[in-house]
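Working notes, structure below.
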Amino acid sequence: MDAMDVLVVGAGPAGLAVAGACARRGLATAVLDPGPDRPWTATYGMWSRELPDDLPAAVVAARAAGRAIARTEHRLGWEYAVLDVPALQSHLTAQADGVRFHTGRAVGSPQRGVVTLTDGSELRADVVIDAGGRWRPLAYSRAEVPAEQTAFGLVLDAETAAPLVSAGDALFMDWRPDHGETGWPTFLYVIPLGGGQVLVEETSLARRPGLPLSTLRRRLHARLAHHGIRAPETARSERVSFPVDQPRHDGVATVGFGAAAPLIHPASGFSVAGSLRLAPRVADAIAAHLPAGPEEALAAARDVVWSRSAQVVHRIRRIGLEALLRMPPDQIPGFFDVFFGLPEHHRWTYLTARDDVRGTLAAMGRLFGESDNRLRWHLVIPALRRRLPSNDQGPQRAETL
């Protein structure tokens, strides 16, 4: 086939969003995925304030006021939106009108503009975007032992879940150890799905390596029992596992996008909102610079995804992640009690503003100022030490820089 202007590897939300945005700007665009028509099964949520302006109302399945429980209860001050995933997929597919879809799996990019498939064939494009999710088929670097967010959830009817959340509420985090176990801390996440259904999920925010799903399943059932809830044996389950500390995408001739970039926020695991909002800007950059040449277009797209300020904020967030990974389990609820007690604008900036260096530093500074000395110590250590190899080895194995 003739070379395309843009080839996107990956047909998830990030991949379809950026492919559609490129096609609407007149760029000849193709998408490569092992199953481009495969239905999406994950649950996607975001803060309502982050919903793209052009996202149809029908794509939002439910909205709820967010709250969190650490040592005390906190109102977040903003709304949580849960997406209707089939509607989202239909919308983004319609937005990708004119995009060519190819079925196949990418295994590498041996040179700029060339993507090799498992069957030995090749696809060519001036600009290649790796939106392949956690697998990042065109990236070189990967974490040897990644820190992962893992979760096990069940879908219950709203009446059954009523002891946990009332109508119109979402429980972003509940760190109380109602599961009755000690050890690595986990929290309960409860969100409405619409249609009278609620997702209840036991979540490990981050651990290196990820906490086993069997542990999370056991804790969830114990927590539900603590609240007098018996889940039906027929309840639909959800299993979650993805890395939160992947290195920045370093494919020499490609630009990473979505979770492959990675755009995942290590403190929340969110990436879909950022991907949907960033896709038009990436497409604008490619369309504006491609007349000057593929290298210029690729560089412009990278600058949108990883501006200098975005790189700095990314580094600050990774230091925060390492702080959580090194923190003694009994300190985690206290940390989040301080965080959720911060003024709303500080919390909002840290959770959403990926290129606001000043605002992110201000939020971290306020967090440090509100913490006790023990917690301050655990916040400082990650900035002075190398990455903790594994939580199974313990912090004593980390090396000082």
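Residue pairs whose Cβ atoms lie under 6 Å apart, sitting 6 or more positions apart in sequence or on different chains, and linking a residue in the stretch 13-29 that is within 17 Å of S90 (Cβ to Cβ) and modelled with pLDDT of 95 or more to a partner that is of a type outside the set (G, A, S) and outside any helix (DSSP H, G or I), are A14/F257; G15/V8; A19/V8; A19/T29; A19/V31; A19/V99; A23/T29; A23/V99.
Looking only at the stretch 160-190, which residues are under 17 Å from S237 (Cα atoms), assigned to a loop (DSSP other than H, G, I, E, B) and either among the hydrophobic types (A, V, I, L, M, F, W, C) or touching a Leu at 6+ places or on another chain (Cβ under 7 Å) (or both)? Across the stretch 160-190, the qualifying residue is only A161.
The sole residue among D174, D245 that is among the charged types (D, E, K, R), closer than 19 Å to F335 by Cβ and either touching a strand residue (DSSP E or B) at 6+ places or on another chain (Cβ under 6 Å) or crowded, with 22+ Cβ neighbours inside 10 Å (or both) is D174.
Checking the conditions here, which among E159, E148, E181 is within 19 Å of the chain's Cα centre (by Cα) and of a type in the set (D, E)? Exactly one residue qualifies, and that residue is E148.
Considering R71, R75, R49, the condition of being within 29 Å of A19 (Cα to Cα), surrounded by fewer than 17 Cβ atoms within 10 Å (Cβ to Cβ) and not assigned by TED's automatic domain parsing to the domain that holds V165 is satisfied by R49 alone. When Q149 is tested against (1) over 25 Å from E50 (Cβ atoms); (2) modelled with pLDDT of 95 or more; (3) touching a Ser or Thr at 6+ places or on another chain (Cβ under 7 Å), exactly one condition is not met: (1). Can you spot a residue in the stretch 226-242 that is charged (D, E, K, R), under 25 Å from A19 (Cβ atoms) and more than 17 Å from the chain's Cα centre (by Cα)? Looking through the stretch 226-242, none of the residues is charged (D, E, K, R), under 25 Å from A19 (Cβ atoms) and more than 17 Å from the chain's Cα centre (by Cα). Within the stretch 318-337, if we keep just the residues that are surrounded by fewer than 19 Cβ atoms within 10 Å (Cβ to Cβ) and within 18 Å of the chain's Cα centre (by Cα), the residue that is nearest to P266 (Cα to Cα) turns out to be R318. Taken over the stretch 191-221, residues that are part of a helix (DSSP H, G or I) and either assigned by TED's automatic domain parsing to the domain that holds I264 or surrounded by 15 or more Cβ atoms within 10 Å (Cβ to Cβ) (or both) amount to 8.
Selection of the stretch 98-120 for residues being out of contact with any strand residue (DSSP E or B) (no Cβ under 7 Å at 6 or more places or on another chain), part of a loop (DSSP other than H, G, I, E, B) and surrounded by fewer than 16 Cβ atoms within 10 Å (Cβ to Cβ) yields G98, D119, G120. Of everything in the stretch 14-68 that is charged (D, E, K, R) and closer than 22 Å to A3 by Cα, the residue that is nearest to the chain's Cα centre (by Cα) is D33. Could you say whether any residue in the stretch 313-324 is farther than 30 Å from V380 by Cβ, assigned to a helix (DSSP H, G or I) and modelled with pLDDT of 95 or more? Checked against the condition, which is being farther than 30 Å from V380 by Cβ, assigned to a helix (DSSP H, G or I) and modelled with pLDDT of 95 or more, the stretch 313-324 yields no hits at all. Inspection of the stretch 253-267 identifies at least one residue that is more than 19 Å from the chain's Cα centre (by Cα), crowded, with 19+ Cβ neighbours inside 10 Å and not aromatic (F, W, Y). Taken together, the residues in the stretch 125-163 that are of a type in the set (A, V, I, L, M, F, W, C) and touching a His at 6+ places or on another chain (Cβ under 6 Å) amount to 1. Within the stretch 369-378, restricting attention to residues that are in a helix (DSSP H, G or I) and touching a residue at least 12 places away in the same chain (Cβ under 8 Å), the residue that is farthest from P328 (Cα to Cα) is E370. So, in the stretch 29-61, exactly how many residues are hydrophobic (A, V, I, L, M, F, W, C) and within 18 Å of P280 (Cβ to Cβ)? Of the residues in the stretch 29-61, 5 are hydrophobic (A, V, I, L, M, F, W, C) and within 18 Å of P280 (Cβ to Cβ). Taken residue by residue, the stretch 139-159 has at least one member that is more than 22 Å from E79 (Cβ to Cβ), in a strand (DSSP E or B), among the charged types (D, E, K, R) and in contact (Cβ under 8 Å) with a residue 60 or more places away in the chain.
Taking first residues from the stretch 76-100 that are within 21 Å of V200 (Cβ to Cβ) and partners that are in a helix (DSSP H, G or I) and among the polar types (S, T, N, Q), the Cβ contacts under 7 Å between residues at least 6 apart in sequence or on separate chains come to E79/S48; Y80/S48; A81/S48. The residues listed here are L342, L351; of these, the one that is part of a helix (DSSP H, G or I) and either free of Cβ contacts under 8 Å to residues at least 24 places away in the same chain or of a type in the set (A, V, I, L, M) (or both) is L351.
The values are calculated or read from the model by the stated rules, or taken from the named source; none is laboratory data. From a predicted model like this one, the values you see are computed outputs, not experimental measurements. Glycine gets a Cβ as well: all are built from the backbone with ideal geometry, and neighbour counts include every protein chain shown.
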